[in-house]
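These notes concern the structure reproduced below.
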Amino acid sequence: MRARVAAATDIGHVRDQNEDRYLVTDRVFAVADGMGGHLGGEVAASLATEVLQRLSERGEGSLAERLREANRVVFERSMLDRAVAGMGTTLTAAEIQGDRARLAHVGDSRAYLFRAGELTRLTEDHTLVQRMVDAGELTPAQAERHPHRNILTRVIGVEPDVRVDEKQVELQPGDRLLLCSDGLTTMLPDAAIARVLRDEPDPQTAVDRLVAEANAAGGIDNITIVLVDLIEEEAEGAPRSHAATTPEGRGAADEPPSATAGPAPVRRAPTERARVAGRLGRIGVPGAVALGVLVLGLVGLRLYLDSQWYVGIADGRVAVYRGIPAEVAGFPLHRVVTETEIRAEDARALALYRDLDEGITAADRAEAEAIVAQIRADLARLATPARGAP
Ligand code: CA
């Protein structure tokens, strides 16, 4: 059997950057959906696919081991570089070996097998809503519409180690292996995806139509698809057209606002884990399970908090915070990112900045810094005519 591969990545209609990447080599295929605001998402997804590509070219380790190495590399970069701190990415990969495919997967991108007109999902979403479905708290239909369906319970790059789902699938000629980011699956139900795969025998035509239909349905997220068609060797006289289409995806063109989660300057899991481990003895198994779900939820919460910014007061000075100005059970949901020399009482004296104690929220770090610059400028303006220039 040989593979005919088509791939596409598209920014969609809503996002202002494409944080998805894909990898197509002659045997290894992957989709990565990065998150982390500004550069973070793109860096995480690019790094992860680059590591996977490099290790795959050298034939190093199993596919799952390569994903764990990608996790380590992304995590270490996020620890070293404040600009991309807290970044993460999904990574769903397939390796064709003879007549079988090995799959390795973390996050909510998906792999599907299309065989004899039927579409079967091969991966499980690592999301909070999937956990709730598994626990019987939500129906799959409710999960699809859930406002927090994007909260991930497992991500590449946000902890020093990650658990990787593995699977092996026996392949037959005529099979189509589909890898995609959630920008496709949140826009199109499986039945619609299956219809396109039934209608379009040419892989590139099928991929392009899936992208077009996801965009027609709203295109609220980046859309990335890799389609691998398995063909009997002698079934086609055409030259081998597969192999490295692109070492990794590049963004496509398009439009306006908003990205996903954001960077985070501080380490996380080890302390959380230690705290949980210390308590297990006392709370028993059901409590431990509930706590496990809670901790997994906290990963999602952290991703959410890392995308929030505001300007507030720290130690009597104006400061830029990441998170939200609140606490839960004594744990602050924020931390100071930038301290300034601006005295809080000076800023509060201006009617405009009276709310500083509660925090002035900003869309992102740049906007938070802009608010600080504005405060500084307003104070300087006030100070100059009143007291004369220093
Ligand atoms: Ca996405």
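Throughout, read-outs are computed from the coordinates displayed, never taken from laboratory work. Computed from a predicted model, the values in this text were never measured in an experiment. For neighbour counting, all protein chains shown are included, and Cβ atoms are generated from backbone atoms with ideal geometry for every residue, glycine included.
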*Amide H neighbours of Ile220 under 5 Å, counting only residues 5+ apart in sequence or on other chains, H built in-plane at 1.01 Å?*
His13
*Using only the Cα atoms, work out Rg/Rh for region 89-198, with Rh taken as the Kirkwood radius, to two decimals.*
0.98
*FRET E, pair Thr205, Ala314, Förster distance 51 Å, beta-carbon r, rounded to 0.05*: 0.35
_Cut-off 20 Å, label 7 Å out along Cα→Cβ of His148, residues of region 311-345 by amide N_ = 323-335
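When a/c reaches 1.5 or more, the comparison of a/b and b/c decides; with that in mind, is region 46-128 rounded, prolate or oblate per its Cα gyration tensor?
Numbers: a/c = 3.24, a/b = 1.55, b/c = 2.09.
The shape class here is oblate.
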*What nm distance separates the two modelled labels at Phe331 and Arg198, each placed 7 Å from Cα along Cα→Cβ?*
4.7 nm
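How large is the Kirkwood hydrodynamic radius of region 1-99, counting all unique pairs of alpha carbons, in Å?
Details: mean 1/r = 0.0716 Å⁻¹.
With all distinct Cα pairs of region 1-99 included, I get 14.0 Å.
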*Given a Förster radius of 25 Å and the C-beta distance between Arg115 and Glu137 as r, what FRET efficiency does 1/(1 + (r/R0)^6) yield to the nearest 0.05?*
0.20
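Under the 0.36 nm per residue contour assumption, what length would be gained going from the current alpha-carbon distance of Gln374 and Ile220 to full extension? Write out the running numbers ahead of the final one.
Numbers: separation 154, 0.36 × 154 = 55.44 nm, distance 3.27 nm.
Extra length available between Gln374 and Ile220 comes to 52.2 nm.
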_Cβ crowding within 10 Å averaged over residues, with 353-366, 175-188, 147-160 ranked highest first_ = 175-188, 147-160, 353-366
*Additional length obtainable on full extension of the chain from Asp355 to Glu76, 0.36 nm per residue less Cα span*: 96.7 nm
